[in-house]
Amino acid sequence: MRHVVVLLAVLCVCDGLTFGPLCSGNPTNKRRTSDNWGRGEYGARRGSRLHQGLDIVCNDGSVVYAPIDVTLNGKVIVYNDPKKAAINSGINLQGEGLCFKLFYVQPDRTSGTVRKGQRIGVMLPMQEVYPGITSHVHVQMCDRSDPTKYF
Ligand code: ZN
């Protein structure tokens with residue numbers, strides 16, 4: 001009986017969970033829709049591949065916040081391409097039963113814990129690499145499932 005109760009509690013943590021604001025200047029987590037470089041929704045076409053995350057609007061240089069209480073689990077290498085070095089950074093996060101990554105963020109720290117709404121880093125200069133794009137933080141679940149339901 002005890003096991004059943006524990007399992008239900010775990011399931012309920014991420015069910016109905018909503019991420020708080022990710023980026024200063026975007027209090028409603030407005031999503032990237034369409035621009036000359038593509039679309040921001042999960043599953044959008046990227047040439048022969050599909051977009052495996054959700055893009056949340058974030059102007060270059062903006063402060064990025066923890067969307068839930070999280071543990072910082074190290075830096076993300078986003079690209080191998082040296083031409084994209086200016087935005088080649090992100091952070092691995094874990095919390096509330098979720099494992100996810102934020103791309104294009106220069107993290108303040110890469111370990112420890114941060115509460116929802118606290119600063120975790122700065123949005124990198126995406127316009128330098130993709131001129132005219134809607135600058136954004138890319139949110140990707142570790143299992144590559146659709147993160148849209150958390151927004
Ligand atoms: Zn993306």
- Query: Sorted by accessible area (1.4 Å probe), largest first, how do Val122, Val139 line up?
  - Reply: Val122, Val139
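When the helices in the chain are scored as -39500 (n - 2.57) per DSSP H run of 4 or longer and the sum is shared across all residues, what 222 nm value do you end up with, to the nearest 500 deg cm²/dmol?
Numbers: 2 runs with 17 residues, N = 151.
So the helix-based figure for the chain works out to -3000 deg cm²/dmol.
At a 1.4 Å probe, what is the % contribution of carbon and sulfur to the accessible area of the chain?
Of the solvent-accessible surface of the chain, carbon and sulfur hold 54 percent.
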- Label-point separation (nm) for Ser145 and Thr113, each offset 7 Å from Cα along Cα-to-Cβ? 2.3 nm
- Over the chain, average the accessible area per residue using a 1.4 Å probe and give it in Å², no decimals. 55 Å²
- Might you report the magnitude of the Cβ-based charge dipole of the chain about its Cα centre, with Lys and Arg at +1 and Asp and Glu at -1, to the nearest 20 debye? 120 debye
- Task: Along Cα→Cβ, 7 Å out, is where each label goes; now give me the distance between the ones at Lys84 and Thr28 in nm to one decimal.
- Result: 3.0 nm
- Message: Once ligands and nucleic acids are excluded and a 1.4 Å probe is used, how much of Glu96 is accessible, expressed in Å² to the nearest 10?
- Response: 70 Å²
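Could you rank the peptides 42-50, 18-26 by their average count of other C-beta atoms within 10 Å per residue, with the highest value first? Numbers along the way, then the final one.
On the way: 42-50: 11.4, 18-26: 17.3.
Top to bottom by mean Cβ count within 10 Å: 18-26, 42-50.
Between rounded, prolate and oblate, where does the stretch 3-151 land on the alpha carbon gyration tensor, with a ≥ b ≥ c its root eigenvalues, rounded for a/c under 1.5, else prolate if a/b exceeds b/c? Walk me through the numbers on the way to the answer.
Numbers: a/c = 1.79, a/b = 1.49, b/c = 1.20.
Judged from the Cα gyration tensor, the stretch 3-151 comes out prolate (a/c at least 1.5, a/b above b/c).
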- Task: Would you mind computing, in nm to one decimal, how far apart the modelled labels at Ile133 and Thr18 are, each placed 7 Å from Cα along Cα→Cβ?
- Result: 2.9 nm
- By how many degrees, between 0 and 90 and to the nearest 10, does the Cα long axis of helix 2-14 differ from the longest principal axis of the chain? 30 degrees
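Where does each of Lys30, Lys83, Lys101 land when they are ordered by accessible area, with a 1.4 Å probe and the largest first? Don't skip to the answer; put the middle values down first.
Numbers: Lys30 125, Lys83 165, Lys101 50 Å².
Ranked from most to least accessible, the order is Lys83, Lys30, Lys101.
The values are calculated or read from the model by the stated rules, or taken from the named source; none is laboratory data. If you're wondering where the values come from, they're calculated on a predicted model, not measured in any experiment. Neighbour counts are summed over all protein chains in view; Cβ atoms, including those assigned to glycine, are modelled from backbone coordinates with ideal geometry. Each accessible area value is taken on the protein alone, full model and side chains, heavy atoms only, with ligands, DNA and RNA left out. Shrake-Rupley method; radii C 1.70, N 1.55, O 1.52, S 1.80 Å.
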